[in-house]
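Worksheet: the structure to be examined is printed underneath.
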Amino acid sequence: MNNIVSQNLTITPTELLQGVPDIPSSKYYMLRYLLAATLAQGESSLHYPAHSDDSEALFRGCRALGAELEWQDEQRQVLRVKGTELLGVAGREREATVIEVGNAGAVLRLLLGVGAMLPDVTFTTAYPQSLGKRPNRELLEALTRLGANCEGQGPEGLLPIRIRGGNLHGGEVEISGARSSQYLSSLLFLAPLLPEGLEIQVVDQLKSQPLVSMTLNVLEEAGIVVEHDRKLSWFAIEGGQQYQPRRYELPGDYPSAAALLAAVAVTNDPASRITLNRLRPGAEDGEALLDAFKRMGADLQRQGETVTLRGGRRLHGIELDGDKLIDSIPVLVALASFADGESYFYNIESLHYKESDRILDLCAELRKAGCAVTPRQDAIVVRGQPQGIEGGVSVEGHNDHRLLMALTIAGLRSRRGLTLCGVEHIAKSYPDFFEVLKHLGARITKPQEH
């Protein structure tokens, strides 16, 4: 069971935020680069690695697979990774492996694929009420068809999961893209290790396509050749390919940037301003995110990898297909709660299957605070209130870092503030989030201090 003690913070209404904060490195790239380095024979380096609870779960997983990880510097800005040869030797004798994946769904899913190369591996979590409820059935079914013996809990393949593999065959396999793109990415990382290779057909509509594009980019950087169609519905990967050791440099994390940009955009003082660096141009999720801010009327400028946003502008509602920037939708919903008119965020059904139900849980908590939000199966409708909301209540983060970020945005524009419960879960992706906001000028206190 999870023994973490719940912590609370009070977010007080704030008019002015200013600064040039550092943002975390992309956890998406962190996972993919480190996994590629783990699978390579030789030494790779990761520069500006992400530091979070998810990173720690990833480190545990890669070490369990046989990689050697060592920090090059005291500041932990460079991580050296000596890859493992284990995964290239099917059926090699080895003791049973246990990997505790924390509350990191993407870490779990990607490790499930390559973990099936081991003779016996069990995946566990200390978060049975969060990650423990997330489905893995479609991926486990695909691995079973490739020759693994997979044992999950219940019909949806919940944690804990035991896989007895080590002698997988390749061939053809189908995978659903309806609930998560992580299933597909998991198979793409596994495919080069299979002697026969793999042909993958995606059934149903593929969600979060930008994250699959990111997987393909990282595989290409690692020396892996993948054939695919333009719709990302068919893939062919030759077997016996070798991951190559590389020097990887991580960009900044767009969903984390989204929360800081929204915090400034929601302020009333025109002197509010934030500048963020290391936001790599060309990323599909990033471009979609910045476009969303501009469409809402935010004063946002980009120059190279630097993005600047000024607050105090009147925002207006938008209609937005959320699939390309799915992890940024909660903070955009919170921001739209203070825009003129109505906003409609659609094609977001996959949010039901995250750390929390990011449609129902998010709307429930925002409504407690006074926001006018309506959940639907595949959408959220927001009626903006530019005058702000009343607040003065406690809201629950549901073990979800993205909900905490969104509720923080709401608290900044509440008349009586908001008390956030369970703020320790922000450490999943952005441990310094609340401290960064305080340095920018936000008034954030422990409830007894308020």
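The values are calculated or read from the model by the stated rules, or taken from the named source; none is laboratory data. As the structure is a prediction and not an experimental result, all values here were calculated from the model. With ideal geometry, Cβ positions are generated from the backbone for all residues, glycine too; neighbour counts draw on all protein chains shown. When the accessible area is computed, the model is the full protein with side chains, heavy atoms only, and any ligands, DNA or RNA have been set aside. Shrake-Rupley method; radii C 1.70, N 1.55, O 1.52, S 1.80 Å.
Taking the criterion of being in a loop (DSSP other than H, G, I, E, B) and farther than 16 Å from Q244 by Cβ, the residues of region 201-232 that qualify are D204, Q205, L206, K207, S208, D229, R230, K231, L232. In the set (1) assigned to a helix (DSSP H, G or I); (2) among the aliphatic types (A, V, I, L, M); (3) surrounded by fewer than 20 Cβ atoms within 10 Å (Cβ to Cβ), L188 fails one condition alone, (3). Kindly check whether there is at least one residue in region 333-342 that is touching a His at 6+ places or on another chain (Cβ under 6 Å), modelled with pLDDT of 95 or more and in a strand (DSSP E or B). The answer is yes, given that some residue of region 333-342 is touching a His at 6+ places or on another chain (Cβ under 6 Å), modelled with pLDDT of 95 or more and in a strand (DSSP E or B).
Only residues that are of a type outside the set (S, T, Y), open to solvent by less than 20 Å² (accessible area, probe 1.4 Å) and not in a helix (DSSP H, G or I): list them for region 427-449, please. Scanning region 427-449 gives A442, I444. The residue that is most open to solvent (accessible area, probe 1.4 Å), counting only those in region 306-319 that are over 17 Å from R280 (Cβ atoms) and out of contact with any Lys or Arg (no Cβ under 8 Å at 6 or more places or on another chain), is R314.
I'd like to know if region 377-392 contains one or more residues that are free of Cβ contacts under 8 Å to residues at least 24 places away in the same chain and open to solvent by 10 Å² or more (accessible area, probe 1.4 Å). Checked region 377-392: at least one residue is free of Cβ contacts under 8 Å to residues at least 24 places away in the same chain and open to solvent by 10 Å² or more (accessible area, probe 1.4 Å). Among the residues of region 63-88, those that are in a loop (DSSP other than H, G, I, E, B) and surrounded by 19 or more Cβ atoms within 10 Å (Cβ to Cβ) comprise A67, G83, T84. The set of residues from region 256-288 being surrounded by 23 or more Cβ atoms within 10 Å (Cβ to Cβ), in a helix (DSSP H, G or I) and touching a residue at least 40 places away in the same chain (Cβ under 8 Å) comprises S256, A257, A258, A259, L260, L261, A262, A263, V264, A265, D285.
Please go through (1) open to solvent by 90 Å² or more (accessible area, probe 1.4 Å); (2) modelled with pLDDT of 95 or more; (3) more than 17 Å from T122 (Cβ to Cβ) for R60 and return the number of the only condition it doesn't satisfy. Failed condition: (3).
Evaluate the following for A292: is it among the aliphatic types (A, V, I, L, M), under 14 Å from P255 (Cβ atoms) and crowded, with 16+ Cβ neighbours inside 10 Å? Here the answer is yes, as A292 does meet what is asked.
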